[in-house]
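Have a look at the structure below, then the notes.
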Ligand code: DGL
């Protein structure tokens, strides 16, 4: 039955597990199939055409797993490939940008919003375009913070180096007197304690994983595709490579144990 199909979630790597964590707590009875393109991560420094090509292959993998909806749990893919994915696949496709933008607009009091993300997300102005589409009065200040990705993967949650780098990246946004900061990359919630300390406790952090999980719930409710099950949902994890330290880092991102991870050969993704 359509309702009992899993939700598909993909990311360039393991960062999307922070989004899975949010979906699983918002929709605890839904089954989830996750695909992380760990062999080809990062997407954040690649060209738009490559990100689109890889995102289509990732979505096709999930479609072949018979999913009822796809969550693009990667801000970079959401920024660049969402339109093309919606054109090519006939299931609801939920990205990170629109939900995150709406959440930020709900939170801001002074109309000054900061956004941090990968180089690709920031140079495509994905968040500022979406936020300004919804409210042209608001001012948006964006900053690429590429070094946060390897630091999160290293598990350096509160390391001195993270404070130093955050200080360097965020001083510009602090000077802009923002009152809301969008964590526009799946890795950044791992570093949220340091980011909060450095940007200041009066700035509201927006975890786009939370808003995108809410959007998935809203969409499934709207089209009547939520599961009828009352038992906890199953989660299946697929990745295109299993790097050293993978399990440790995946568990840090997901916030609990990952038992079974299956490797997919890259050739199986290619058209
Ligand atoms: N998952 C990516 C994002 O949210 C970060 C890692 C990458 O560059 O691929 O933008």
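What to note about this one:
Condition check ((1) over 24 Å from residue 99 (Cα atoms); (2) surrounded by 14 or more Cβ atoms within 10 Å (Cβ to Cβ)) across all residues:
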position	(1), (2)
132	no, yes
136	no, no
142	no, yes
145	no, yes
149	no, yes
152	no, yes
161	yes, no
166	yes, yes
171	yes, no
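- Taking the listed residues 248, 257, 219, 265, the one that is more than 30 Å from residue 145 (Cα to Cα) and at pLDDT below 95 is 265, with no other qualifying.
- Conditions (1) assigned to a helix (DSSP H, G or I); (2) away from the ligand (no atom under 16 Å from the Cβ); (3) surrounded by fewer than 24 Cβ atoms within 10 Å (Cβ to Cβ); number of the one not met by residue 109: (1)
- Qualifying residues in region 63-80 (those that are near the ligand (Cβ under 7 Å from one of its atoms) and not in a loop (DSSP other than H, G, I, E, B)) - the one farthest from residue 49 (Cα to Cα): 75
- Residues satisfying the criterion are absent from region 227-238 (criterion: under 26 Å from residue 95 (Cβ atoms) and in a helix (DSSP H, G or I)).
- Failed condition for residue 35, given (1) buried (at least 21 other Cβ atoms within 10 Å of the Cβ); (2) part of a loop (DSSP other than H, G, I, E, B); (3) within 14 Å of the ligand (Cβ to nearest atom); (4) touching a residue at least 60 places away in the same chain (Cβ under 8 Å): (2)
- Region 107-120 residues that are under 25 Å from residue 43 (Cα atoms), paired with ones that are within 12 Å of the ligand (Cβ to nearest atom) and assigned to a helix (DSSP H, G or I) (beta carbon under 6 Å, 6 or more apart): 115/127; 117/75; 118/76; 120/76
The values are calculated or read from the model by the stated rules, or taken from the named source; none is laboratory data. All values reported here derive from a predicted model rather than from experimental measurement. Cβ: placed from backbone, ideal geometry, glycine included. Neighbour counts: every protein chain shown.
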